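Enquirer: Dumping the structure here so I can ask a few things about it.
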Amino acid sequence: MKTFLPVLATQDTRTLGLAMSEQFTIYPNRWFAWQMIPGYFGERSVPYCSPIYVTAVRPLKSGKGELDIEFFNAFYAQGVQDFELRLKVLKRAENYLVADLIYAPGEDSGRCAVINHIEMEWLRRFCPEFWYHRPPSSCSSAAQGSVSIYLNEALLGHDTQHVNAADAVPAPLKRGVRCIPLQRMPDMEPIADLFQRMDVWRHFPNYQLERRADVFFSLYLAEALEAKLGFAVSGELAPEFPVRIGTIYPEVPIDKSYKIDYLAVSADSTRPILVDLKTDGGSRRELQDKYLLASQSVGLGALLDGLLDIFRATKAKRKYFRLLQQLERMGLLRIPESLKDIMAAARLQGAIEASRAIEVRAASLARPEIVYIQPHDDGVDTISFDAFADVVDRHVDPVSQRFASSLREWAKVPA
């Protein structure tokens, strides 16, 4: 039974001898980054990415740039992670090489691999599920400064916290049983299918992407607004905020409403933000710009007063009361206990009169900001999908990473 000794390192692998050559070289007893194209899933060329621990390298004297390599394939199926492959080097650069995978002499496997120095950022970008469930912060302080120690601890279960990395190596491990089980990762197939359907269905004539994607935008909206506006934004939102028509257009004194996609507010509840989401670059209309500007002009205090007029007139008082409670959590108004008691009862007798005691924080509210979220940036008041994707991409969980990918697709390919 073959064994291998993972090398403990407190420095990047390049300083351990790989930099002696101007071209990238694979050495045994080292961790490397492995990207195989195509991978094992997907219809075309979805790559498979994994850290690999190389245990043996044997260059062949064939004159064809071929070599045999043995390695531990960390993210392959448990129990069959030991690989022996023949590679034909197609390109060798300073920090990586590209090679054909040869499964049988004279046959084209249809696969190639990119092998390169492994680093923390590569793991974060290309192995987000692993990074999310077993981050460097869950390992020792030494692991947080060394990708080799991090992988030894996270994947092989070595305790290096009290080991002098300069002169100690962990005990040998048997082949085929050395990767500690990861916490079960979320099933990505339904998530991938969900976004794949939105990617495709948005091109259909009557499909409204905004109504399906708005909840995903809401998860990252506060961060995106902070990046855009430069001040802290509360995570609490009021979606589909009703703007009473009679409030912004006094000449039309009715209690019907336009809807603003999100009402957001600064962390100190003094700076309201009116957010309009457009998933199609051609769906922004002059009428919407007009009522957004009118809403900005009258101020949030007047908009909240108008909402209370709708509450008093509507038959759907319980739903509107839920919205009022959300606005209270956002620090924009205060609901008296008497109204809360009435709304908790079976009958709503006295609700209209009790609602007149609701306190609106009009005096402390600044003029609302207007922000458009849309595929492309066309002004100081817009957040493009690419910019929004940059914010989403900071999160390494699989849902965020998949949403960021769709955002960039929606920005690049018009519906």
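Enquirer: Could you name the lysines in cross-link range of K315, using Cα to Cα under 27 Å and dropping any fewer than eight places away on the same chain?
Expert: Partners found: K256, K259, K340.
Enquirer: Counting only the backbone N, which residues of the range 309-327 are under 20 Å from the spot 7 Å out from the Cα of E353 toward its beta-carbon?
Expert: Those under the cut-off are 309-315, 317-318.
Enquirer: With a cut-off of 17 Å, note down the residues of the range 345-364 whose backbone N falls inside the zone around a label point 7 Å from the Cα of E337 toward its beta carbon.
Expert: 345, 354-355, 357-359, by backbone N distance to the label point.
Enquirer: Starting from 0.36 nm per residue, how many nanometres of slack lie between F231 and K61 once their C-alpha separation is accounted for?
Expert: Numbers: separation 170, 0.36 × 170 = 61.20 nm, distance 6.30 nm.
Between F231 and K61, full extension yields an extra 54.9 nm.
Enquirer: Give the dimensionless ratio obtained when the Cα radius of gyration of the range 302-415 is divided by 2.2 N^0.38 Å.
Expert: Working: Rg = 20.2 Å, N = 114, 2.2 N^0.38 = 13.3 Å.
Rounded to two decimals, the normalised Rg is 1.52.
Enquirer: Separation between the R322 and D386 pseudo-spin-labels, each 7 Å from Cα along Cα→Cβ, expressed in nm?
Expert: 3.9
Enquirer: Fewest first, what order do W31, W122 take by the number of other Cβ atoms within 10 Å?
Expert: Details: W31 25, W122 16.
Listing W31, W122 from fewest to most nearby Cβ atoms yields W122, W31.
Enquirer: Counting other C-beta atoms within 10 Å, which of V396, V233 has the fewest, and how do the rest follow? If you can, show how the numbers build up before the last one.
Expert: Numbers: V396 18, V233 21.
Taking fewest neighbouring Cβ atoms as first place, the list is V396, V233.
Enquirer: Here is a further query. Which of F195, F204, F83 has the fewest other C-beta atoms within 10 Å, and how do the rest follow up to the most?
Expert: Values: F195 18, F204 10, F83 14.
Least to most surrounded, the residues fall as F204, F83, F195.
Enquirer: Report the dimensions of the range 192-322 along its three principal axes from the alpha-carbon atoms, largest first, rounded to Å.
Expert: So the three principal-axis extents are 45, 36, 32 Å.
Enquirer: Per the Debye formula with a single identical scatterer at each Cα and no solvent contribution, what log10 I(q)/I(0) holds for the range 66-158 at q = 0.10, 0.13, 0.17 Å⁻¹?
Expert: -0.34, -0.56, -0.89
Every number in this text was worked out from the coordinates using simple rules, so none of it is lab data. As the structure is a computational prediction, the values presented were derived from the model and not from experiment. A quick note on method: Cβ atoms are made from the backbone with ideal geometry, for glycine too, and the neighbour counts reach across all protein chains shown.
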